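Take a look at the structure below.
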Amino acid sequence: MPVKPLTPVKLDGLGSKGLNTQGSASTLGPEWLTEAANVVFDFQGRLGPRKGIKAISKTVSHPIKSIGEYIKSDRTTEFYLGSNNAIYKRDSSTTPETLTAQSFAGSPQTISDSNWQWLNFNNELWAVQAGHKPINFDGSAWNDVEDLAAYAANAGVTTFNPSCALGNFGRMWYGGITEDPGTIFYSDNLIGEKLAGGAAGSINLRTVWGSDEIVGFSSIMDKLIIFGKNNIAIYNGASTPASMALDELIQGVGLAGRDNIVNVGAEVLFMSYEGLQALSRITATDGKAPITDLSISVRNSLSYYLATGDLTTVKTAYFQEQGLVVTFVPENSLAYVFDFSSSSQLTMPRVTTWYFSDPPLCAVGTVDGTFILGLKNSIASYDGYYDVSIADTTASNGSSGACSTAGGVWDGSKCWSSTNNIYNYTWSTTWMDFEQPTSTKILKEGLFYYSGGRGSATTLQVYVDYDSINPFVKSFNLAVTDEAALYGATDSLYSVSKFASKVGPVEYKVPLGRTGKVIKMKMITEVVGDFSSLVSATLLTKQGKTR
């Protein structure tokens, strides 16, 4: 009987559509992943690890729950953040960066939390949070709204403590006030603190959506979008509030947490209780703004976290540089990541998840293309390929010399030490039958091409015939970086010694000894200071019995 030849099965597009926990792993195609932990897609669409969460500042005593980017008229920026009862300014001129506590003029209120929503309006930085009066920074001084010279109170409320706001259409819009959570209050033209007189006013939504409460605001063109817990009201003509009219009421869909609205291009994305939705700027044939469900592939798992978690802690940020919308769920030490980078148009994103030992509590995508995050006692950047923590080690390294010897940074009075923490990225395929559901496949070898990795430990698990308990396990290391002398060596081009990596994609041949009709693979790879990506995967198989 002739020996059956080896047949290469090339797994083109493996996992290219991202994570799918909604469908059955036995019916989904190989373009889906059933697990995608700490995974991103590079610009060629290949699977790789997220970057590190790198602590960059000296520590403070309390968690950093909010970060605001103050964008001045000349596009220069400053960063302010909320931690407990204080506002801090980021000073990036020191190493580590310094967080400097701010002081208020006038008669400041007692601040009891740091869950601020930050807004740029009329060359000033504003912030609001539930149970507090708005605060304002005009570029030189911090004030409570009541201490501003032009402040004029709205007679309809005793304590003006909005939980959400929007700076747009030439005025400030406020909502979620304790005494009247269903009424919009808007300021006079270009005077965010003037809530009475001039063009200031209010709109009571009780006749529009009943007893619902305002959770957040956004805008599309000349339309004001008011998000409630269970409804969305859209008003047309927002540039002239006195004459603007209700354009549409979307019932049964609300906003799951104030800090879960982002603008991606011309679209407004928001987190409803069913997942990530889009309000399109392109109106439907009936003239209304259609809603698109962008997280349908992970709907049940995501909606579980939204239904059971504290929505004041769930926060979504847009990292424009890489086209990522990231929803942080710090109670569960994870984030859902929606990748829109594959198209210039808003299409269905590739979804992955990120996991953390020190979960970010907030984040902001900055004007200069970085991603800054708030941690339990410092700020971090999305950078490098270690999760880096920072600590005050003065007790052990109490002098400049001792600090330097220990690898720390001495700032004149304290020693700050950083620790590089390794993390893994993991992906799992669906159950694959290679379009031959009745034939047994004899797996002989797997050929995996990886780029990068620097010796990272990698573990391949192979499951067959729906047995998810007893995998075949094979471990191997990705190639150590091969450095070539570009300068200063006998075979170099120039005089000064410089080195650079010359590692391209490397083939890893992994012997496999499994037989089954359907196969599932899981790959776990360490991230040790370097990016790696799966370039291609091929399985060498023989056809077994047909049953």
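Read the figures in this text as sums done on the coordinates, not as results from a lab. If you're wondering where the values come from, they're calculated on a predicted model, not measured in any experiment. Cβ placement follows ideal geometry from the backbone for every residue including glycine, while neighbour counts extend to all protein chains displayed.
Things to note:
- Efficiency of FRET from Cβ geometry, Ile71 and Gln436, R₀ 45 Å, rounded to 0.05: 0.20
- Once both labels are positioned 7 Å from their Cα atoms along Cα-to-Cβ, the gap between Asn421 and Thr95 label points is 2.3 nm.
- Positive dipole terminus of the range 1-150, leading residue within Leu11, Val40, Trp126 (C-beta point charges): Leu11
- Residues of type lysines that Lys545 reaches as a straight line, Cα spacing below 23 Å, ignoring anything fewer than 8 places off in the same chain: Lys4, Lys10, Lys441, Lys444, Lys517, Lys520
- Length added when fully stretched, Ser24-Thr405, from 0.36 nm per residue minus Cα-Cα: 131.7 nm
- Estimated FRET transfer efficiency when R0 is 41 angstrom, pair Ser396-Asn332 (beta carbons, to 0.05): 0.75
- Each Lys and Arg adds +1 at its Cβ and each Asp and Glu adds -1 at its Cβ; summed about the Cα centre, the range 1-56 shows a dipole of about 180 debye.
- Here the peptides 255-261, 86-92 are ranked by packing, the mean other Cβ count within 10 Å, and the order with the highest first is 255-261, 86-92.
- Cut-off 11 Å between beta-carbons: net charge of the residues surrounding Ser341, Lys and Arg +1, Asp and Glu -1: -2
- Extending 7 Å from Cα along the Cβ direction at Thr7 and again at Asn300 yields two label points whose distance is 3.3 nm.
- Model label sites at Asn263 and Ser343, defined 7 Å from Cα along the beta-carbon direction, differ in position by 2.2 nm.
- Linear extension gain, Thr370 paired with Glu507, 0.36 nm per residue minus alpha-carbon span: 46.0 nm
- Each Lys or Arg adds one and each Asp or Glu takes one away; over the other residues whose Cβ falls under 11 Å from the Cβ of Ile111, this sums to -1.
- Per DSSP, loop chymotrypsin sites (Phe, Trp or Tyr not before Pro) in the range 429-481 with at most 15 further Cβ within 10 Å: Tyr466
- Note: relative contact order over the chain, using C-alpha pairs below 8 Å and six or more positions apart, is 16 percent.
- Counting only residues at least eight positions apart within a chain, or on another chain, the lysines with an alpha carbon under 17 Å from that of Lys223 are Lys288.
- Cα-based helix-to-principal-axis angle, 299-308 vs the chain, degrees rounded to 10: 50 degrees
- Of Ile261, Thr515, Leu148, farthest towards positive along the dipole that unit charges on Lys, Arg, Asp, Glu beta carbons give the chain: Thr515
- Taking Cα centre as origin and charging only the Cβ of basic (Lys, Arg, +1) and acidic (Asp, Glu, -1) residues, the dipole magnitude of the chain rounds to 2040 debye.
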